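Comments concern the structure below.
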Amino acid sequence: MPATLLATHRVEKPWGRRRLQAPFDDGAVDGGPVGEIWFQTPGNAAPDLLIKYLFTSEKLSVQVHPDDAQAHARGLPRGKDECWLILGAEPGATMALGTKEPVDKAALRAAALDGSIEQLLDWKPVKAGDFFYVPSGTVHALGAGLTLIEVQQNSETTYRLYDYGRPRELHLDDGIAVADTRPYEPQPPPGRVDDGSVVLVDGPKFVLERFSGGGWTVALPDGDTAWLIPIAGKGLADGVAFKAGECLALTGAVHVAADADADLLLAYPEEGQSNDR
């Protein structure tokens, strides 16, 4: 089908929450805290991108991901660039992106071992509406009190450098080897294109656009997939109904019609597609 509504999968995490942000129902009373909601492609497909919602009540581990070349050297299919759109942030919420100043890898390793890595990192205040593109190699950590959408290369290769004393495995050798030990450099401000969309990410691994309501056609090359992520509102994609909190996989040419108050993301591989709005 040109438009397929994807199944949701709730993932319990020690840093997750039982009270989630609308439009999601709260976690089960007798279950663990929900940290992530994934959208799963039918069958055994391993698409290029993975879409998630994240819900944090504690700091996530200090971590880093390899790039494509580093992943391929380890026999892995791809690295992991990712981006985050912040939907909710409690007062005082922060996240760490990069180091405050350039450091050498030996100093980063020592700081990871003694816990002072928290002081080396650049902890930034975060609010709803903020957007961050995080290239592979960026040392980072999400803080507590955040609800966000994550669009990422479909890889779960994560090297933990520090985990606040939690009893989970660290990956210091691998993580230090791929870490960029310089301050984080944000992307330029998002741009607006002729059809009214805002381009949040324009490569190198994927494109992410943000649309308001209305109607347009997504035209994808053969073999490519795009992901439609409604943040707010509802609509139809070639007759398949969607609403906030869901995600659709699109192939071929798909006509999308959304309510005037809808807020939508469209993610697709970097090689591109076209919109007729």
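The values are calculated or read from the model by the stated rules, or taken from the named source; none is laboratory data. Small disclaimer: the values here were computed from a predicted structure and weren't measured. Cβ: placed from backbone, ideal geometry, glycine included. Neighbour counts: every protein chain shown.
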Problem set entry | Residues (surrounded by 19 or more Cβ atoms within 10 Å (Cβ to Cβ) and more than 30 Å from residue 19 (Cβ to Cβ)) located in the stretch 84-102 | 98, 99
Exercise. Out of the stretch 112-127, which residues are in contact (Cβ under 8 Å) with a residue 12 or more places away in the chain and more than 21 Å from residue 33 (Cβ to Cβ)?
Worked result: 112, 113, 115, 117, 118, 120, 121, 122, 123, 124, 125, 127
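Residue 218: farther than 30 Å from residue 14 by Cβ, modelled with pLDDT under 95, out of contact with any Phe, Trp or Tyr (no Cβ under 7 Å at 6 or more places or on another chain) and in a strand (DSSP E or B), yes or no?
Yes; evaluated as a whole, the condition is true for this residue.
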Problem set entry | Looking only at the stretch 1-38, and only at residues there that are of a type in the set (Gly, Ala, Ser) and assigned to a loop (DSSP other than H, G, I, E, B), the one that is modelled with the highest pLDDT | 32
For this session: Look at residue 57 and say whether it is part of a loop (DSSP other than H, G, I, E, B), touching a residue at least 40 places away in the same chain (Cβ under 8 Å), among the polar types (S, T, N, Q) and over 25 Å from residue 177 (Cβ atoms).
Result: yes
